[in-house]
Every structure is written in C-alpha cells, then in structure tokens.
Number of protein chains: 2
Amino acid sequence: MITVEEAEQLIASRLEPLPSETVSIENAAERVLMESLQADRDLPPFNRSTFDGIALSYGAIEQGQRAFPIVGTGFAGSPKLELTDPKTCVEIMTGAPLPDNADCVVKIEDLDIENGSARIKDGVSLSIGYGVHPQASDSAKGRTLLERGCRLSAKELSVAASIGKAALVVSKQPRISILTTGDELVAVEASPLPHQIRRSNDLALQTALQAAGYTNVSRSHIVDDLEETQHAVTSVLKRADVLILAGGVSKGKRDFLPEALEAAGVDKAFQWISQRPGKPLWFGDCKRDGRRTYVFALPGNPVSCFTCLHRYVLPALDRLCGKRPGEARYAKLASEFQFKPPLTLFLPVLLSSDSSGQSWAEPLPFNTSGDYISVARTQGFIELPKDEINFAKGAPFPFTPWSI
Amino acid sequence: MITVEEAEQLIASRLEPLPSETVSIENAAERVLMESLQADRDLPPFNRSTFDGIALSYGAIEQGQRAFPIVGTGFAGSPKLELTDPKTCVEIMTGAPLPDNADCVVKIEDLDIENGSARIKDGVSLSIGYGVHPQASDSAKGRTLLERGCRLSAKELSVAASIGKAALVVSKQPRISILTTGDELVAVEASPLPHQIRRSNDLALQTALQAAGYTNVSRSHIVDDLEETQHAVTSVLKRADVLILAGGVSKGKRDFLPEALEAAGVDKAFQWISQRPGKPLWFGDCKRDGRRTYVFALPGNPVSCFTCLHRYVLPALDRLCGKRPGEARYAKLASEFQFKPPLTLFLPVLLSSDSSGQSWAEPLPFNTSGDYISVARTQGFIELPKDEINFAKGAPFPFTPWSI
C-alpha cells in the first residue's frame, strides 16, 4: 500500500497538459486561460468623469469664482470637448471624457443651476482631480491583467471583454468517459428486485464533474463480465482523455477491472492506498498514437467513489488543464474524534462558519455504509492524518468541499 | 434614501414564488427541489455485505469452529441465499445480500481458502454483525431524505436516483432579460474610438447568473434614447420574469430609465439606497395578465452593477425559486479600514483562509474607479455597517462571495 501523498505524486508524474484551443469569449466561462492578457490601451483610456455635474478648471475656484457659465455638455460616448475659457464650465455626465483644460468635476447635488449658469453651493469643498477617474489609473497600456492558468468566471471574462479579447486561448476540455459496473445496479427508472439497488454513482460523478466545469462527459454502465469490460474499456481508450471507472476494482470474484485494464494495455501506476474510504483506488495510463488516456478506477461504494473523485480526479483534471491550484482550506474539528486504523481518513463533515469567520467541521455520526444519504447532508470532507488516533476538538485540518 | 435592510424588505415583500415544473433527473442539476423526497424502501433494502469474504453464523465461531466448508457463492446482484447448515459458510462479495441465517462476514484478507474450505486466520476477532451493513440502517422506508427548497447538486441527485425519482418537481427557471445602456459602450470585437469603451457588464451579469444556476438569460444593448429605451423595456416585460438593467439610472441628462420604466407601467418600489457602491439602484415590478415581472435597474459602473447583482438580485432569484437561504459567511478584516460617509460599504476583498480555518478579508487599496480589473483579484465583498467610521483589524463582517 502507498500513502496518499505517494499516490498524488505518482498521478502528477504521469500527467501531461492537454493542448489549447481558441474559443469565443461567449463560450469561455469556466475554462482555463492559456495565455496572459495585457491591457490594449490605458484603462480608463481617458480622464473620465465619475459624476453627473460640471467640469471646470480648479484654478478658477481657487481664485474665488463660484458661478460658471455653461458652454457645452459632455456625454458619455461623445468625443472629448475642450474648455477654452477657464472661467466657464462644461456640463458633464458620468463616464464622459473630461474636457481638455478641465481638472475637477462638481456633482450635480452640489450645484444650483439657473439661466445657463452653475453655482457651487456654499460649504462644498473641492480639489484638483475631484470627480475624475484618471486615464491609466486602473491599468497602463501593456500591463498584464490576467495570468495564464486562471479560471474564467464572470469577473475575468469582463476584464477580457474590456480589452477587446473576443476570442480566448483556453485549454481543451478533457473528454471524460465514465464506466460504472455492478450487476446489482439497475437504472433509476427501473423497479429493483429485492436484491438490486439503483445506480447513483454515474449521475453523481457526471454532475460533480460538470459543476467543476468539466462538461465533456459521457457515461455508460457495464455488467460484471470480463469480456464485456475489456471490450468497453478498449473502446473508451480510443476516444477519451480520461476514463473514470466505478466499481469492480477490489478483490471480489467479479472484480474484473484490474485484469481488463491491463489486458487493454493500460499501464498501472498504483493500486491500494492507505486511506479510508477508497483503499482500492487504481490509477494508470495508456499511450496510443501519441495520445494519453488516464484511467482512474474508483471503488463502487458511493462515498469512496465520490471522495476519490474530489481528492484525486478533480485535482488531476485541473492539472491537465493547466489551472493554477487554489488556496488550501482548513476547518477546525467541532467535536473530538477517534480513528484507530493506520489509514488517512477522509471524513465527511457539516461545515459551518461562525460569526467570527472561523470554519468548523462537524463529523457525522460514524457510518461505515458509505451511502449518499449521509453525504447529502455534508459540504465536503476533512483529511485526518494516518498514524494518529485521537483528534482533539478545535484542531484544524485540510477541508475539501464537494463540487456544487 | 432608504437603508440596505429596508431595500431588502421592500424587494422581499413583492416577490411571489415562481410555479413548479417536472424535469427529468438528468436535467435537474442546480435546480431547486419543490417536493420533499422519501425513501421508497429500506436503505439498504437488505443486509448487505461490506467485504469480499465469507458469510457465516457467528454462533459457530463462538463454539470454537475456525474452518468452514464453502457451500455457495453470493454475488452482488444475485438473489439472497440461505445458510441452511450453520457449520458451513457462503462465499460472499461486497454489496451482495447476506444469506438468511448468516450474521457475520469475514474478510478475504483474514482467511486461508483451500480445497473448498475457508479457515479464519489466528488472531482475527469478529462479532455478530461484523462486515454487515444492516437493512434500513441508512434510512427506514418513508423517511424524508431531501427537503423541499434544497438545491440539487451531485449528492442530492444521487439520493434521488437511489430512491428511483427519475423525474423531479423543481421550481421553474426564471426567464431573465438583461438590458444594458450607455452610448459610450461598444461591442467587445469593435475597435473603440478614443472616447469609447467596451461593454463588459452584460457578459459579467450573464456569466454570474449562469454560474449561480440561472441559465435562462438573454441580453441586449440599447442606446441612450428615451423612445428606444421605452420600446425595449415594454417588449421585455411581455416575456421576462426578471428584467435586469445596467446603466442609465442615475441623475444624468441621458439617464432615461426611471422615466421609461414608469411609462412602461412598472411600479417603483424604491430608488436610492444609503450604500456604496450602488446608491442609485432602482427596483419595481409590473403585473400584467396575472404575471409579474421584477425590474432591477443597476448602476452602470461595473463594480456597482456586479455588487448589486450579488447583494440584491441573486438573493431575490433564490427566493423566487423557493430556495432555502444558505448559511451566512463571515470574515475578519485583515487590516484596519476607515470609511466616513454615512453609507453601508460593500468592500471587495481578497479572501483567504489561514491554516486554522479562520477567514480573512484583505481590502484592495481603495479605488473609486469601479472597474472589473480590481474586482478580478477579489473573491467577494464584506459589508461594513453605515454610521461607523473606523473598522478595526480583526473585526468580523458578513462576506458575500462572487458567483463563480
């Protein structure tokens, strides 16, 4: 058996980043940016008014002038005006370019406007640059605004839009195939016989992958038969970048997967990790025609399967796509906990944040069943190190959230 | 001006839940469940073996027997067997039904199997129920497993799958229209003139809505013209449940929205909130042919727009869809902060979680620009109460994450 850390390293050592492609900004949400983006011009590109009001020269105010004849109006979207006479002012709207020779904006709330003249109310204090969002103050032209490896959410896409990147270079979506096994499993819509149960791992895996931004996912279910398993695996290896299997990987008489995978030419990197749940996790890869397929065979037990997806498969997909790793999260144990086996424990927890911003992880009453029913109440799992037995209330541990 | 709390209450007082619809479980991800779901049978439905090994009667072990002739094999997915002779055993696979009269499973690792007989290794300790996941231990038939109002992520869908709910009653997706205004704004792919800038609010709003699960979103851009604005608003009111406008809502000469909205028959609930950013936020609704459209007119300044979406619009959408509110989150200020105006401040922050699980919020160097460039570095905003000026390092405040 290898440790969790060894398993992580063995996976990482085999991964080769996927190629990139160019997509329209409209279709780039949740993808990983594979170029760095620079400002194509100063941002803002001109001195911009931040209020509705008047633009004028502060020098005139300093000399005691309080009323200014209005000689023009500057709208957002209209070309920049010029203040030719510093004793006059230009009416200006939020977002409009500040006229040349103007250096101050007075808000409409601070003015009395009458007969084409704007009078500054008593007690209003102003300064050079007041009400002006200066050219290049957000970014000078050429500055890097988004780094390669960032995930594109609304705010990053808005930055890309503001610098005219209508198409973006992103890593390709990995083609993911899910194959579930297990003769006891029937379809959701079936009426199970007393000894049968309904499938749920396939839907859980696909939905969690999609929530994490991995949308190119297909799935099918195979019966526990060596030949059929081998056939299905061989066929998937031709088209998928990542194959995720669930079930059939342990020591049972119909656990055909390790054999079928090796027969299909998948090179095993490891099996058996000193962890609970998920001890039988199998990982390997297969190189054909210059293309690699990574194979994760997860245990069929639902909690094992879901935990291994989050602990190993999702981070591997992020790496394949060149995504920079996020910050680790931690939570304190809300009640003391004991675990004797010399295994790393992935413990599903109810996560809460108290009113001081401290995260607390409350373990569920211990349940070996591994069913989704208990998992559904939790927000993720904490990771308790191997070779410790007593975990004190208040001790912090790494927390991994479920993909939602 | 009203307060943030008054604005929230005025919005809530007008919202009427959207109707429900039935969708296939395959299409239910991220939707809000509008029924409660009960176990359709005991879960697990039978005493289930949790190991590969042998099933036997613990009584025989108690009487000193260590070797058991194997009289059959129980596979997952095969009907339940019966242990007719308590001095024998049945080979059993993980997930298979425990044979009648058996009450204990011995792991394959703890056995020597030879000539059709399984011998329990020395030192292995067992008990009644060992290796058995008892019928109904996850849930008795009839127990409620998912409550109305929960959002359906992978784990909830898996529970629904396990109880055979191939179709689910969920709240309808609100039909959302985004209308952006501003003559200075050109399309992403355009080459802006010196006084023009590129649009980004429309994409930011749509992407953030979609990331929050609201996928029925259309958007268009209109010029700053009263007639065109009125026409566009009237047309959207016929088909949308929620209209989100950005820009044109303040006091400028081309801020036609308040007028256009009232002319189109939208009943204003409020405008002007004592907050920064987002003071000009306008909210109202319109009832026609028994159908309501809710109208949020957000300021055009990108940070105002994005903040108001997260602070008011997304919570209102969740309410419309009957979603139970999530837990509030908090973070401690990582450095002291001053803010003098008598306004609630929504302050974008870099959020981090330290290795003890404490969340910290680091404000960006203060920037009135309101551009997405600075927002892109943050994870959300904290809310600093109105009528306080000095905010101490270490003081906790509510934190709202950006939708990603």
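Let me know the mean shielding of B:39-46 by other chains, meaning the per-residue number of their Cβ atoms within 10 Å of its Cβ. Could the numbers behind the result be given before it?
Numbers: counts 1, 3, 3, 0, 5, 3, 7, 4.
Mean number of neighbouring Cβ atoms from other chains: 3.
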**Prompt:** Say a label goes 7 Å from Cα toward Cβ at B:S335 in every copy; what distances in nm does this one have to the rest, shortest first?
**Reply:** 4.2
**Fill in**
The pairs in A:K287/B:K107; A:K87/A:K121; A:K268/A:K386; A:K340/B:K80 lying past 28 Å Cα-Cα in this model are A:K287/B:K107; A:K340/B:K80
**Prompt:** Per residue, what volume in Å³ does the convex hull of the Cα atoms of the protein assembly as shown enclose?
**Reply:** 160 Å³
**Request:** Report Rg/Rh for the range A:123-253, rounded to two decimals, where Rg is the Cα radius of gyration and Rh the Kirkwood radius.
**Result:** 1.31
**Residues whose placed amide H lies under 5 Å from that of B:V124, excluding near-sequence neighbours** = none
**Prompt:** Can you give me the relative contact order of the range A:329-401 as a percent, contacts being Cα pairs under 8 Å and 6 or more apart?
**Reply:** 50 percent
**Asked** Across the range A:317-333, in residue order, what do the Karplus-derived ³J(HN,Hα) couplings come to in whole Hz, using 6.51 cos²θ - 1.76 cosθ + 1.60 with θ = phi - 60° and x for Gly and Pro?
**Response** 4, 4, 5, 4, 8, x, 6, 5, x, x, 6, 5, 10, 9, 8, 8, 4
**Item:** Cα-only radius of gyration and Dmax that characterise the range B:48-133, units Å
**Value:** 11.1, 33
**Fill in**
Check: C-alpha center the range A:317-372 vs C-alpha center the range A:70-99, spacing in Å is 58 Å
**Asked** What residues from the range B:337-359 fall in the zone where the backbone N is under 12 Å from a label point 7 Å along the Cα-to-C-beta line of B:R377?
**Response** B:349-351
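Please compute, for peptide A:246-257, the average count of beta-carbon atoms on other protein chains lying within 10 Å of each residue's beta-carbon. Please list the in-between numbers first.
On the way: counts 0, 3, 1, 0, 6, 8, 13, 7, 9, 3, 0, 0.
Mean shielding count: 4.
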**Asked** Between A:N101 and B:A395, what FRET efficiency comes out of the Förster formula 1/(1 + (r/R0)^6) with R0 = 30 Å and r the beta carbon distance, rounded to 0.05?
**Response** 0.10
**Prompt:** Calculated FRET efficiency, A:E62 and A:E336, Cβ-Cβ r, R0 60 Å, to nearest 0.05?
**Reply:** 0.30
**Fill in**
Eigenvalues of the alpha-carbon gyration tensor of the range A:236-288, times 5 and square-rooted, give semi-axes in Å, largest first, of 20, 13, 10
**Complete:** The set of residues whose placed amide H lies less than 5 Å from the amide H of A:L98, leaving out same-chain residues fewer than 5 positions away, is A:N47, A:R48, A:S49
**Item:** Helix B:4-14 axis, angle to chain B major axis (alpha carbon atoms, nearest 10°)
**Value:** 80 degrees
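Cα convex hull of the range B:235-370: how many Å³ per residue?
Working: hull volume 18.0 nm³, N = 136.
Dividing the Cα hull volume of the range B:235-370 by its residue count gives 132 Å³.
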**Message:** Can you give me the distance in nm between label points at B:I128 and B:E21, each placed 7 Å from the Cα along the Cα-to-Cβ direction?
**Reply:** 5.5 nm
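Considering every Cα-Cα pair within chain A, what fraction, in whole percent, is farther apart than 34 Å? Could you put the intermediate results ahead of the total?
Values: 40789 of 81406 pairs.
For chain A, the fraction of Cα-Cα distances above 34 Å is 50 percent.
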**Request:** Name all residues of the range A:69-109 having a backbone nitrogen under 19 Å from the label point set 7 Å from the Cα of A:R119 along its Cα→Cβ direction, giving them as ranges.
**Result:** A:69-71, A:87-91, A:106-109
**Prompt:** Helix A:201-211 versus the longest principal axis of chain A: what angle, 0 to 90°, nearest 10, using Cα atoms?
**Reply:** 20 degrees
**Asked** So what is the calculated 222 nm ellipticity per residue for chain A, using -39500 (n - 2.57) for each DSSP H run with n of 4 or more, over all residues, to the nearest 500 deg cm²/dmol?
**Response** -5000 deg cm²/dmol
**Fill in**
Across all Cα atoms of the range B:329-401, Rg and the largest Cα-Cα distance (Dmax), in Å, are 11.7, 36
**Request:** Considering Cα pairs under 8 angstrom that are at least six residues apart, work out the relative contact order of the range B:214-371 and quote it in whole percent.
**Result:** 18 percent
**Item:** Acute angle (nearest 10 degrees) that the helix B:226-237 long axis makes with the longest principal axis of chain B, alpha-carbon atoms
**Value:** 20 degrees
**Fill in**
Output for the range B:1-149 (equivalent-ellipsoid semi-axes, sqrt of 5λ from the C-alpha gyration tensor, Å, descending) is 52, 16, 13
**Request:** Select the chain A residue whose beta carbon lies nearest to the rotation axis carrying chain A onto chain B, and write the distance in whole Å.
**Result:** A:Q358, 3
**Asked** Could you state the number of Å between the C-alpha centres of the range B:229-305 and the range A:294-311?
**Response** 48 Å
**Asked** Taking the range A:270-318 on its own, what percent of its Cα-Cα pair distances exceed 12 Å?
**Response** 63 percent
**Item:** Relative contact order (%) - the range B:67-148, alpha-carbon pairs under 8 angstrom, separation at least six
**Value:** 26 percent
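Quick note: the coordinates plus some simple rules give every number you see, no bench work behind them. None of the values given here were measured: they were computed from a predicted structure. Don't worry about glycine lacking a Cβ; one is built from the backbone with ideal geometry, like all the others, and counts go over all protein chains shown.
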